[in-house]
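Beneath this line is the structure, given in structure tokens, with notes to follow.
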Amino acid sequence: MPANRLSSRPSSPFPPYSKEIDVELLAFIERYATNLARWDILVLFGQNPDLQENAQRLAKRLGRRSQSIEKELEDLAYLGILQTHPNGRGMVYELVREPATQQAVIRLAHHLSGAPVLPSRK
């Protein structure tokens, strides 16, 4: 068997292993990503920080029922991760504009994708 075949490994969807633990990210996850619905919501907003959607459209993007994420959206708004404003079809949710919170949500999404997190432009 050729040497290059022995050393080739299947690519992993996970970021490379690191001995360093991002304590801030871990604390954020423990506090805010307390269930799979919240995890999905946080990752979606981390990947799309300028996203503004109502619960029905967010549910559709996540492949979930709107009833199953409405409470989580409301809780994340109460906790200061999301902000809301009414429009003609109900409440619209978006990521808060507070830089530290935005960066934490974006870091969560980027950590999962293995992509580097770019510094905030603000």
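Table for the structure above
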{"quantity": "Karplus-derived 3J(HN,Hα), 6.51/-1.76/1.60, for each residue of region 41-51, Hz, glycine and proline x", "calculated": "5, 4, 5, 4, 6, x, 7, 9, x, 9, 5"}
{"quantity": "Residues whose placed amide H lies under 5 Å from that of residue 53, excluding near-sequence neighbours", "calculated": "93"}
{"quantity": "Calculated FRET value between residue 56 and residue 25, using beta carbons and R₀ = 25 Å, to 0.05", "calculated": "0.25"}
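Where a number appears in this text, it was derived from the coordinates with a stated rule and is not lab data. Keep in mind that what you see is a predicted model, and the values were worked out from it rather than measured. FYI the Cβ positions are ideal-geometry reconstructions off the backbone, even for glycines, and counts take in every protein chain you see.
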